[in-house]
Amino acid sequence: METAGSKAIEVTDLTVAYQDKPVLWDIDLNVPPGVLLSIVGPNGAGKTTLIKAILGLVRPAAGSVLIYNKPYEAQRQIVGYVPQRGSVDWDFPTNVLDVVMMGRYGALGWVRRPGRQERELALQALEKVGMAVYATRQISQLSGGQQQRVFLARALVQDATVYLMDEPFQGVDATTERAIVTLLQELRANGKTVVVVHHDLQTVSDYFDWVMLLNIRRIASGPVDEVFTPDNLRETYGGRVAFMKTGK
Amino acid sequence: MESLSILIHLDYTLMIVAIGAALLGTVSGALGTYAVLRRQSLLGDAISHAALPGIAIAFLLTGSKTPLILVLGAAIAGWLGTLLIMSIVRLTRIKYDSALAIVLSTFFGVGLVLHTLIQRTGNANQAGLDTFLFGQAATILERDVLTIGILGGASIIVTLVFWKELKLLVFDEDFAASLGFPTRTLDILLTSLLVIAIVLGLQAVGAVLMSAMLVAPAVAARQWTNRLRLMVFLAGCFGALAGVSGTIISSTASRIPTGPTIVLCATVVVGISIAFAPNRGLVWHRIRHQRNRRDLKMAAEAQE
Amino acid sequence: MIHNHLDILLIAIVTAVACALPGVFLVLRRMTLMSDAISHAILPGIVLAFFLTESLSSPLLILAAAGTGVLTVLFVELLQRTKLVKEDAAIGLTFPALFSIGVILISRFAGNVHLDMDAVLLGELAIAPLNRLKAFGYDLGPVALYVMGTILVLNLIFIFVFYKELKLATFDASLAAALGFTPTLIHYGLMTLVSVTTVGAFDAVGSILVVALIAGPPATAYLMTDKLSRMLILSAIIGSVNAVSGYWFASLFDVSIAGAIATMTLLVFGVIFLVVPNRGLIAIARRHARQKWEFAQTMLVIHLFNHEGLPEAETESAIADLHEHLSWDPTFTTQVVRYALHNRCVSQDEAQLILTEQGRAIAQQALVQ
């Protein structure tokens, strides 16, 4: 399954510690291009930390991360990031279009301001997430689902090849959840690689084709059919999983 | 007619003071916006108090009372205070508020000790400390206006040049870092700009009231707009408005200190904004609430 | 004037302890800046009461100030509740406004004669003992000592009586509410206490340095202990130490007593910050140095353990390739391998590292945690 030379993300022996407390132990993860992978694990399993480590936001104690065979610093332009919705202040004085345009800031580089082209791209991305009519709306007036769509649109304008999303389904309504799933599948159809931190075990096999089970160490990763087994889940959650629709 | 007579009363000295206060109000209002948005409203209070030992040490070292040297000392001490607050929060379990309170009060205490030392050598008098505490807007000279204009103007230009980067930093630091922007450097830049605004403002309103000059214009501006651009601009205007009106009001009668008057003017602007600003204001809310209720009631009646 | 010295010292200690006790709860509840706000905002209350009574020592002053203090807290909360202003900004708006009103009232109507702004902001411990309490022709000691003593006793009683409630409201406000303890009541009780204490301490140390007395000792104690009761006692002790050493320092160099106490507060905090066992900077650095090898060894055995028996094991455990897998510096890798070999966590089989039983146990244990 994991053929050499075709790795969108390659995490090798990654250990991350906050001060003296290890958060991730020796993680290996290979994500081939064009898969939809969900990272699943209990609270405090290090899911967000893994995403942040891949993005170079936290420094690992050991191990390395490669995106298409190069370190993240060299591949920023092809990576899109959707942070947790709750990580920002939604009362910030700005509107939807402005937030989405922030996705182009990296490509713009220092000092240069977004112009008409960025505006166009942002509007297209908003169209894709069904938020075009809200372009001029102040972000504090959005519902949770709408906020999430705005964040997704911001990642879309990054026009990345690899997407990392932290809990995009957190606290969104059913319509938004369906819209996000459609979007994720569209991205995969276009050959993008998408990694999603997810915690609704019920929907893993419906939404994703790959899964990584994580609890400070990697329990298993691979195609949902092979990996999403009761045994692996029990090992991840320590026997706390009762009823679960698994891959088999 | 009233305003005409005020205009005539605007003699040259007062005009200089008013211009100085307006410039200071603009700078602190515009830069204070970032502090308020980052929920660091009280960092300004800590920096302004922490500046005292810096001023005292600068004076002890150089023996000079040149404003620029004292301002430099104040800026360094304010900076060190900020650094200490951040280190305490990062390295211990003490929370931000306590770290702030400790640095604010104890740095000030150290400054007070140094001040009494200076006083004992007969080089200074109580007036120096009063100036630090309450500012001396009334003594702003042409030269000071020039300093304020150059330093303040430079800070505002820097925020304009790095507009996009600072905005992203304040809104979503992690995302900014993921795009490759050096968030730490940007953070240092923004804090330095804040320190500059504060040490300049000390002259007008003093350490005790400085935080109001950072917070009040920004809070008022936030009520009128949902755009950062307009918020920074309005905060600058409100700051200038408070500076000028405070200066003029305090000049109309004897024994009305300028600094507190400026602060009260800024507070009045906040009050008006919170009450009457469209969309966000309290009055607006009340009206919309009542209209909604009436509409609901009418809809219910129509159904019956 | 030995007598005078002792009086000053006593006032300083009593004030420091009286401030430190409610300060513990402010530090734990992340409300320390409220004390900064209150100490400034009570000025108009004091001024108005002074206009009414024309006396600085009237108990009405304390009542008025305490009332203004509670009003300040209420006002900050009201501002916050509009959702238009965040908590920090609400504090930053409220106290300068009230303080400005106080300053303007003083300079407009009181002149500089009776109510001195410097006294309000900076206090003057040195003259505190001059105002004596006299009864039947006997000198019973300085008034300030009685005032602060009473406040200290009040604080002690409040904390003693409501200890359980305070503890619960501090660590789990929702549970306290569910149990019917109304955290709001406890909150306002505490805030009243802080206001009263601040006014009392005003005379001695002024409104800026009172913050050092309220926040300094509890924050220092917080670095030393996890237990609330111990934190209270430690805060009181640290407060006294700061007061005594500050007074001694001030007499030695003939500088402001209040300033010196605040300086000592910073110094004591700094020293504890550096040297306290477990949480101090030095302890952290030493633990870090000690654990660096331990931690690296654990990383190594876990690495070997994770790849044990898998097809890739051969390359993953090759000594020459280890540094590449772990992205470690080659010299560091060699040192870690030597350390692990020495501890018999791994054994060497030509170019390969092999886990020993002991190494496997370490890996398993680390992963279970």
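Taking (1) within 30 Å of C:Thr298 (Cα to Cα); (2) crowded, with 21+ Cβ neighbours inside 10 Å in turn, A:Val227 satisfies each apart from (2). Among residues of segment A:117-129 that are among the basic types (Lys, Arg), those with a Cβ under 8 angstrom from a residue that is buried (at least 18 other Cβ atoms within 10 Å of the Cβ) and in a helix (DSSP H, G or I), sequence gap 6+ or separate chain, pair up as A:Arg119/A:Leu97; A:Arg119/A:Met101; A:Lys128/A:Ala153; A:Lys128/A:Leu156; A:Lys128/A:Leu183. Restricting the first member to segment B:218-234 and to residues that are within 16 Å of B:Arg38 (Cα to Cα), and the second to residues that are of a type in the set (Gly, Ala, Ser) and crowded, with 24+ Cβ neighbours inside 10 Å, the beta-carbon pairs closer than 7 Å and six or more apart or on different chains are B:Ala218/B:Gly29; B:Ala218/B:Gly32; B:Ala218/B:Ala235; B:Val219/C:Ala89; B:Ala221/B:Ala235; B:Met231/B:Ala221; B:Val232/B:Ala30. Checked against (1) on the phi > 0 side of the Ramachandran plot; (2) assigned to a helix (DSSP H, G or I), B:Cys237 passes all but a single condition, namely (1). Could you figure out which of (1) within 30 Å of C:Lys292 (Cβ to Cβ); (2) within 14 Å of chain C (Cβ to nearest Cβ); (3) not charged (D, E, K, R) isn't true of A:Phe92? Among (1) within 30 Å of C:Lys292 (Cβ to Cβ); (2) within 14 Å of chain C (Cβ to nearest Cβ); (3) not charged (D, E, K, R), the lone unmet condition for A:Phe92 is (1).
Here's the yes/no breakdown for (1) in the same structural domain as C:Gly359 (by TED's automatic domain parsing); (2) loosely packed, with under 15 Cβ neighbours inside 10 Å; (3) not in a helix (DSSP H, G or I):
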residue: C:Phe305; (1), (2), (3): yes, no, no
residue: C:Gly309; (1), (2), (3): yes, yes, yes
residue: C:His325; (1), (2), (3): yes, no, no
residue: C:Thr331; (1), (2), (3): yes, yes, no
residue: C:Thr334; (1), (2), (3): yes, yes, no
residue: C:Tyr339; (1), (2), (3): yes, no, no
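On the stretch given as segment A:58-74, residues that are more than 11 Å from every other protein chain (Cβ to nearest Cβ) and β-branched (Val, Ile, Thr) total 1. Of everything in segment C:198-224 that is modelled with pLDDT of 90 or more and either not in a helix (DSSP H, G or I) or not aliphatic (A, V, I, L, M) (or both), the residue that is surrounded by the most Cβ atoms within 10 Å (Cβ to Cβ) is C:Gly216. The residues of segment C:341-369 that are part of a helix (DSSP H, G or I), farther than 21 Å from A:Ile27 by Cβ and touching a residue at least 12 places away in the same chain (Cβ under 8 Å) amount to a single one, C:Gln358. Assessment of segment B:246-267 against the conditions (more than 12 Å from chain C (Cβ to nearest Cβ) and crowded, with 24+ Cβ neighbours inside 10 Å) yields at least one matching residue.
Checking every residue in segment C:28-46 against the condition of being over 20 Å from the mean Cα position of the chain (by Cα), over 25 Å from C:Ile257 (Cα atoms), in the same structural domain as C:Val205 (by TED's automatic domain parsing) and part of a helix (DSSP H, G or I) gives at least one match.
Could you pull out the residue among B:Gly63, B:Gly78 that is of a type outside the set (Phe, Trp, Tyr) and modelled with pLDDT of 90 or more? Break it down stepwise before answering.
On the way: B:Gly63 fails: modelled with pLDDT of 90 or more.
Every option except B:Gly78 fails the conditions.
Within segment C:4-25, residues that are under 20 Å from C:Ile157 (Cα atoms) sit with their Cβ atoms under 7 Å from residues that are surrounded by fewer than 22 Cβ atoms within 10 Å (Cβ to Cβ) and small (Gly, Ala, Ser), at 6+ positions apart or across chains, in these pairs: C:Ile13/C:Ser240; C:Val14/C:Gly149; C:Ala16/C:Ser240; C:Val17/C:Ser240.
Check whether at least one residue in segment A:18-26 is surrounded by 18 or more Cβ atoms within 10 Å (Cβ to Cβ) and part of a loop (DSSP other than H, G, I, E, B), and report yes or no.
Taking segment A:18-26 first, the residues surrounded by 18 or more Cβ atoms within 10 Å (Cβ to Cβ) are A:22-26.
Okay, now just the ones that are also part of a loop (DSSP other than H, G, I, E, B), so none.
Checked against the condition, which is being surrounded by 18 or more Cβ atoms within 10 Å (Cβ to Cβ) and part of a loop (DSSP other than H, G, I, E, B), segment A:18-26 yields no hits at all.
Looking only at residues in segment A:119-156 that are farther than 17 Å from A:Phe92 by Cβ and of a type in the set (Val, Ile, Thr), the one that is farthest from the chain's Cα centre (by Cα) is A:Val133.
When segment C:138-191 is filtered for residues that are surrounded by 18 or more Cβ atoms within 10 Å (Cβ to Cβ) and free of Cβ contacts under 8 Å to residues at least 12 places away in the same chain, only C:Ala176 remains. When every residue of segment B:164-186 is checked against the conditions, none turns out to be under 13 Å from the mean Cα position of the chain (by Cα), within 11 Å of another protein chain (Cβ to nearest Cβ), assigned to a helix (DSSP H, G or I) and under 30 Å from A:Val82 (Cα atoms). Take B:Ser273 and tell me if it is within 14 Å of another protein chain (Cβ to nearest Cβ), part of a helix (DSSP H, G or I) and more than 26 Å from B:Gly78 (Cβ to Cβ). Criteria met by B:Ser273. Per the conditions (1) farther than 28 Å from B:Met210 by Cα; (2) surrounded by 24 or more Cβ atoms within 10 Å (Cβ to Cβ); (3) not aliphatic (A, V, I, L, M), the sole criterion not satisfied by C:His5 is (2).
Of the helices (runs of 4 or more DSSP H) lying entirely inside segment B:12-119, the ones with 3 or more residues being β-branched (Val, Ile, Thr), surrounded by 24 or more Cβ atoms within 10 Å (Cβ to Cβ) and more than 14 Å from every other protein chain (Cβ to nearest Cβ) are found at B:12-37. Part of a helix (DSSP H, G or I), surrounded by fewer than 16 Cβ atoms within 10 Å (Cβ to Cβ) and outside the structural domain of C:Ser240 (by TED's automatic domain parsing): is that true of C:Thr298 in this structure? Spelling it out, it is not the case that C:Thr298 is part of a helix (DSSP H, G or I), surrounded by fewer than 16 Cβ atoms within 10 Å (Cβ to Cβ) and outside the structural domain of C:Ser240 (by TED's automatic domain parsing).
The values are calculated or read from the model by the stated rules, or taken from the named source; none is laboratory data. The shown structure was predicted, so the numbers you read here are calculated from the model rather than taken from an experiment. Counting neighbours? That spans all protein chains shown, and the Cβs are built from the backbone with ideal geometry, glycine included.
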